[in-house]
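Trainee: The structure is given below, and queries will be raised subsequently.
The values are calculated or read from the model by the stated rules, or taken from the named source; none is laboratory data. Since this is a predicted model, take the numbers as computed values, not measurements. Here the Cβ positions follow ideal geometry from the backbone for every residue, glycine too, while neighbour counts run over all protein chains shown. Heavy atoms of the whole protein, side chains included, go into the accessibility calculation; ligands, DNA and RNA do not. Shrake-Rupley method; radii C 1.70, N 1.55, O 1.52, S 1.80 Å.
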Amino acid sequence: MNAALVAVVLSLFSAVAYAAAAVAQERLASRHPGSGLARLLGNGAWWCSVGLNAGAALLHVVALKYGPLTVVQPLGALTLVAAVPMGARVAGRRVSAAEWRGTALTLAGLAAILVTASGSAPEDVLSGPEAVAVAGATAALIGLLARRGARPGLRHATASGFASGVASALTQTVTVAATDRSGALASMQVVGVALLVAAFATGGLLLSQTAYRGGLGAPLAMVTLANPVAAAAIGLALLGERLQGGLAGLLLALAGAGLAGRGVVLLSHAAPQPASVTESAAESVTKSVTESVTDEEHPVAAVLALSPETASAEPALLPWPTTGPEHLTPL
């Protein structure tokens, strides 16, 4: 099977697993809105969502081994697409017209990107100096975006997307180097890049938490779009990835990115109304509960189940216990 096709298939399964985990967490939170950490640890459904998140993260990492960043990263937007029918099915409602439009635009845009970005399995990896340069430039950009000022939600969301995209690019370097080079797994270069992955993954998560304080829809869309932009820029500039078709291919990729971006925005702002509204369903959000802090929304599940008036204005800063290296925000 073609390496790029393997990467696409793995990314599809990863997106579905992330979406299923989000929906499972949302349903669990709606049924047990006040549960503490001890009760969650004893709940089989919670562990099922943990397993889905971990499996999705693993599938994404393996996809990075077989496909270029310009293919794998944009497919993270399929998490929102997959979550729409799942959430509607579980909530017993119909998919709204806005959700159908968002889904169609996202799929059309991703299809255009895949036509131009398909390529062989990645062989090049970032060298030590390149990884340090990318990390330094990204850290400086994040510092500028995270400064105090107007519209912190969108700026923090952009910084989160960049951090997560860079983390995925660095993850690909670790994965390819560790599997294709003898003795590379123990090399100081790979260990150093792995530490950078952990730093940017954590930074992306914390930045997304801050971004969602002022609302969910626009920041979630910005995170989803900034992530593949950062990863693709690294792939095209440093890893020898190329778009197919020359100028026509570039224009098609840009048009596809525009369509996918519009679709993601529509999905992020969709506020479906359940067919049967009960008190628990109207207030259902995906929450991570600890012993001493308030609950937190799960971004994807909140988009599916919340109407604007029920959104929490101050989510907690502590994350859900599981995240993948690329979805520190769910593709």
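Trainee: Efficiency by 1/(1 + (r/R0)^6): what FRET value for Met188 and Val6, r their Cβ-Cβ distance, R0 = 41 Å, to the nearest 0.05?
Mentor: Result of the calculation: an efficiency of 0.85.
Trainee: Any chance you could run the full-extension gain for Ser127 through Ala54? It's 0.36 nm times the residue separation minus the Cα-Cα distance, nm to one decimal.
Mentor: That pair, Ser127 and Ala54, stretches by 23.5 nm at full extension.
Trainee: Taking all protein chains together and a probe of 1.4 Å, list His156, His269 from the most accessible to the least accessible. Show your work: numbers first, answer last.
Mentor: Numbers: His156 25, His269 110 Å².
Final ranking, largest accessible area leading: His269, His156.
Trainee: From the square roots a ≥ b ≥ c of the eigenvalues of the alpha-carbon gyration tensor of the range 76-149, which class results: rounded (a/c under 1.5), prolate (a/b over b/c), or oblate?
Mentor: Numbers: a/c = 3.01, a/b = 1.66, b/c = 1.81.
The shape class here is oblate.
Trainee: For the range 46-119, taking Cα atoms only, what is the radius of gyration to one decimal and the Dmax to the nearest whole Å?
Mentor: Looking at the range 46-119, its Cα Rg and Dmax stand at 14.6, 41 Å.
Trainee: Still on this structure, I have one more. What FRET efficiency comes out for the pair Ala255/Ala98, r = Cβ-Cβ distance, R0 = 22 Å, nearest 0.05?
Mentor: 0.55
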